[in-house]
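What follows is a set of notes on a single structure, which appears directly below.
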Amino acid sequence: MTHEILISGFGGQGVMAIGKTLAEAGMKDGYEVSWLPSYGPEMRGGTANCSVVISDEMIISPIVLEPTVLIAMNAPSLDKFLPNVIPGGKVFVNSSIVDKKVDRTDVDSYYIPTMEMAQHLGNLRVANMVMLGAVNEVTDLLEEDTIREMLSLLFTGSKADLVELNINALRMGASCANDEACMIRSESQ
Amino acid sequence: MAVVYQKSTGLTDVEMHYCPGCTHGVIHKLVADALVELDLLDNTVGVAPVGCSVFAYNYFNCDMHEAAHGRAPAVATGIKRVLPDNTVFTYQGDGDLAAIGTAEVIHAAMRGESITTIFVNNAIYGMTGGQMAPTTLVGQKATTAPLGRDQAHYGQPLHMAEMIGLIGGAAYSTRVTVVDMPNMMKARNAIKKAFQMQREKKGFTFVEVLSTCPTNWGLTPVQSLSWVKDTMMQEFPLGVFKDIDKKE
Amino acid sequence: MKKELWKGNEAIAEAAIRAGCRHFFGYPITPQNEIPEYMSLHMPKVGGVFVQAESEVAAINMVYGAAGSGARVMTSSSSPGISLKQEGISYLAGAELPCLIVNIMRGGPGLGTIQPAQADYYQATRGGGNGDYRVIVLAPATIQEACDQVRDGFDLADKYRMPVMILADGMIGQMMEAVEWHDSKVDDLPEKAWATTGTKGQRKPNIINSLFIDPNESENHNLKLNRKYEEVKANEIRYEADIPEDCEVVFVAYGTPARLARAAVRVLKEEGINAGLFRPITLWPFPERELHEIAKRDSVKAVVAVEMSMGQMIDDVKIAVNGVKPVGFCGKAGGIVPTPREVADAAKDALKGAR
């Protein structure tokens, strides 16, 4: 089993954090993992992407050229990377700001209105966690307990409240990925 | 028989290579004497530059570290950060300190490195054969300014002691000379004060010493001493440009 | 030991602290900034010293001073900054001082790009600054290996009294992987009787110096350095060889391209071609004899150097192979990383040429 995940979006959308969370949780669940960012000016507001490989064998290359999973947080990312997704791969689209549809029939597509859902939870900054929840639900990669444990290490003291908020975001994303109606709604937006 | 004069125990017996009439020897002695008198010598690391005093590491009777051209204050920073309780000094000429090593000395002063820099200013590149230095006077001839330093082409000399005096991390900045006995005594006191302040970890200490270069100036040793007094000191006034002891 | 997820640059910095390094002098440049940033936060916690210098030139000269005073000292930079450090590295080599230098390489020449490259191979393995000297060059391909090489590098530097460089591409610096810390003792670091620490009235003055104005003395010093380099060559070569039986084509690659070459080995296997990977871990000294023996095997038809440069390590590969087999090349420059497909195609081209 090797998941090659490419996460792409604007700087500030939490693209790197989605990747790091996946890698960190993957490692805790006993997999080999790697996380590789694009770096440079794009870290400061342009487009940013990162590659995450999660595998049950030694990771040869940390570079994801033909992703099994693409997470497109904005439209340019979908345009750029969709052609590279392997047939049978999974494409997650941040439908809050991406109007386009996936124009391939050989991949599974999921449209997640991450920002509306995050807004519903009262904090736009957890939009990336909504997306992560959806991805995890579909790929069945990581245990919720592992993610919760990680979040509780990340948010301590006065930030401890954020653990529940993030967990709720993950759950909301997960339910969205399962909910056809929700998907349709996001498509129609 | 009573000893009325002897070579400083802060210097080795290695014969110095300096030209007749050059005041490097006197300045070496003043530095060595100060270290001995303050009982610092055994705990001192000196940093030798590139320039006429490149062999200074053979002359001082303490641990010595050679540096690349201009880098002595950075090397001294490395040493001092490893050995905060040792005395660390750099001994640099005008090409070394005021040209290629300007950034290093300015930033050592900025950080308030607890080191002492002895800056020997003779307004010319000595070892390489009399080329123009940043401290060469306007009109003064040099092998790379055969008609004399042209202000329109090269601007005016850098005043390092004044510049260092403006920097927050500097504790002491002064300009002295060694062309006669009274000035030699003042220079001796200034160097001692700098080391004393270093011992008290007060910050960066800087002593600029106006020196001679009979060989490259094309003057006799005696003429050279007069030239410092009559000409060089007009451009580079002696004085104390910073002394945090005075302020307090 | 527990696995932890670490970013390459931060892991290198942490490994240095764990290896007993207590002095770091650096200057910001992408893509190695996490090293000085990490040091600035964590050095004070262990009683160490971090100084951000006014330039790379000053930083390496601070390293020179600290090394002369006996410290386990380190600096890091990226390609253009490493160029600026060459003066100081030459002095460190000339004065026989130990230190660790990390180069997280980016594309060049000039300001180049901040993306990963391996275009500083010549500079690293041929000395880099003025004069006849070498530095030991270690090339990690994983974060774990980078961490292990930090300790190894400091120890080699002390053992031979010479600078050691870790040469990694920007990808190794920026990526995250799992690391296991093998805690090593740092309370038995070697005595440095030669260091300038003040005589304490107990000994003659020590002098740290690389100036030998008398040509005979200067030659003797160079001969002495050379004897040391021969000793390093005899004792410290490190490499990894993953060469299957009936291997037809051997990739030679270090750092990230070694990982891509490994992927290419798989691609080729699916196409029925037996390929192997020879990965030099010390770039200087280069595992010349070891590669030669592999190239000599009957089954091997060609050797292919894979680099993120227009071809630098390939010179050492050719010296090693010494004409017994053709040497092909797959190279990318300016921050572009070769794909496993491209690497595999280069192997097929080389095999075609060999037939």
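Where a number appears in this text, it was derived from the coordinates with a stated rule and is not lab data. Keep in mind it's a predicted model, so treat the numbers as computed, not measured. Cβ placement follows ideal geometry from the backbone for every residue including glycine, while neighbour counts extend to all protein chains displayed.
I'd like the antiparallel share, as a percent to the nearest 5, of DSSP beta bridges with both residues in the protein assembly as shown. Bridges in the protein assembly as shown that DSSP calls antiparallel: roughly 30 percent. Would you give the gap between the C-alpha center of the range A:113-181 and the C-alpha center of the range C:69-98, rounded to a whole Å? Using only Cα atoms, the two centres lie 47 Å from each other.
Provide A:Leu141, C:Leu138 in ascending order of the number of other Cβ atoms located within 10 Å of each residue's Cβ, fewest first. Write down the numbers at each step before the final one.
Details: A:Leu141 22, C:Leu138 29.
Listed from fewest to most nearby Cβ atoms, that is A:Leu141, C:Leu138.
Counting Lys and Arg as +1 and Asp and Glu as -1, what is the net charge of the other residues whose Cβ lies under 13 Å from the Cβ of A:Gly89? Numbers along the way, then the final one.
Numbers: positive: A:Lys90, A:Arg104; negative: A:Glu4, A:Glu66, A:Asp106, A:Asp108.
Spelling it out: positives minus negatives among the neighbours equals -2.
Compute the relative contact order of the range B:42-247 as a whole-number percentage, counting only Cα pairs closer than 8 Å that sit 6 or more residues apart in sequence. Result for the range B:42-247 is 19 percent. Sites listed here are trypsin sites (Lys or Arg not before Pro) in the range A:27-108 whose DSSP assignment is loop and whose Cβ has at most 15 other Cβ atoms within 10 Å: A:Lys100, A:Lys101, A:Arg104. With Cα atoms defining each centre, the range A:74-94 and the range B:47-104 are spaced 59 Å apart in the structure.
As a rough footprinting exposure proxy, the listed residues C:Tyr91, C:Tyr64, C:Tyr121, A:Tyr31 were ranked by other beta carbons within 10 Å of their own, and the order from fewest upward is A:Tyr31, C:Tyr121, C:Tyr91, C:Tyr64.
The calculated 222 nm mean residue ellipticity attributable to helices in the protein assembly as shown amounts to -11500 deg cm²/dmol, summing -39500 (n - 2.57) over DSSP H runs of n ≥ 4 and dividing by all residues.
For the pair B:Asp85 and C:Arg289, what calculated FRET efficiency results from E = 1/(1 + (r/R0)^6), where r is the Cβ-Cβ distance and R0 = 41 Å, to the nearest 0.05?
0.25
Based on DSSP, what percent of beta bridges with both residues in chain A are antiparallel, to the nearest 5? Mind showing how you got there, number by number?
Working: 15 of 28 bridges.
Here the share of antiparallel DSSP bridges comes out near 55 percent.
Looking only at the range C:4-235, where both bridge partners belong to it, what percent of the DSSP beta bridges are antiparallel (to the nearest 5)? Display every interim value, and only then the final one.
Numbers: 5 of 25 bridges.
The antiparallel fraction comes to roughly 20 percent.
Partner chain Cβ atoms within 10 Å, averaged over the residues of C:83-90 - can you pull that number for me?
Details: counts 0, 0, 0, 0, 4, 5, 0, 1.
Mean shielding count: 1.
By the beta-carbon count within 10 Å of each Cβ, the least crowded to most crowded order of B:Val105, C:Val179, B:Val75, fewest first, is C:Val179, B:Val105, B:Val75. Relative contact order of chain C, taken over Cα pairs closer than 8 Å and 6 or more residues apart, is 17 percent. Each residue of the range B:190-204 was assigned a 3J(HN,Hα) from its phi angle through the Karplus curve 6.51 cos²θ - 1.76 cosθ + 1.60 (θ = phi - 60°); the sequence is 5, 5, 4, 4, 4, 5, 4, 5, 4, 4, 7, 6, 8, x, 6 Hz, with glycine and proline shown as x. The trypsin sites (Lys or Arg not before Pro) of the range C:166-209 that meet both conditions, a loop assignment by DSSP and at most 13 other Cβ atoms within 10 Å of the site Cβ, are C:Lys185, C:Lys200, C:Arg203. Dipole size of the range C:239-354 about its Cα centre, with +1 on Lys/Arg Cβ and -1 on Asp/Glu Cβ: approximately 180 debye, rounded to the nearest 20.
Other chains' Cβ within 10 Å of C:190-199 residues: what's the mean? It would help to have the intermediate numbers written out before the result.
Working: counts 0, 0, 0, 0, 0, 6, 14, 7, 13, 8.
For this peptide, the per-residue mean of nearby foreign Cβ atoms is 5.
Would you pull out the residues with amide H under 5 Å of C:Leu277's amide H, same chain only if 5 or more places away, H placed 1.01 Å from N? For C:Leu277, whose amide H was placed from the backbone, the distant partners under 5 Å are C:Asp242, C:Ile243, C:Phe251. Taken one residue at a time, the phi angles of the range C:306-323 give Karplus couplings (6.51, -1.76, 1.60, θ = phi - 60°) of 10, 9, 9, 7, 7, x, 10, 4, 3, 4, 5, 5, 5, 4, 5, 5, 6, x Hz. Gly and Pro are set to x.
Within the range C:265-355, the GluC sites (Glu not before Pro) that combine a DSSP coil assignment with at most 11 other C-beta atoms in a 10 angstrom radius are C:Glu271.
So, with +1 on the Cβ of K and R and -1 on the Cβ of D and E, and no other charges, what is the size of the charge dipole of the range A:2-188 about its Cα centre, to the nearest 20 debye?
Values: 13 positive and 25 negative charges, 145 e Å.
Its charge dipole is roughly 700 debye.
Please compute the average number of Cβ atoms from other chains found within 10 Å of each residue's Cβ in peptide A:24-37. Write down the numbers at each step before the final one.
Values: counts 4, 1, 2, 7, 4, 0, 1, 1, 3, 5, 8, 6, 9, 6.
Mean number of neighbouring Cβ atoms from other chains: 4.
For chain A, the longest piece that avoids every one of the GluC sites (Glu not before Pro) found in DSSP loops with at most 15 other C-beta atoms within 10 Å covers A:58-142. Think of the range C:40-138 as having a plus end and a minus end, set by charges on the Cβ of Lys, Arg, Asp and Glu; of C:Met105, C:Gly47, C:Asn61, C:Gly47 sits farthest toward the positive end of this dipole.
Cα centroid separation, the range C:233-260 to the range C:155-170: 20 Å.
Taking amide H as placed 1.01 Å from N in the peptide plane, B:Leu11 has its amide H under 5 Å from the amide H of B:Asn61, each at least 5 places away in sequence or on another chain. Here the Karplus curve 6.51 cos²θ - 1.76 cosθ + 1.60, taken at θ = phi - 60°, turns the phi angles of the range C:118-126 into couplings of 10, 8, 9, 4, 4, 4, 6, 8, 9 Hz, with x standing for Gly and Pro.
Here the contact order of the range C:109-179, divided by its residue count and restricted to Cα pairs under 8 Å and six or more residues apart, works out to 36 percent.
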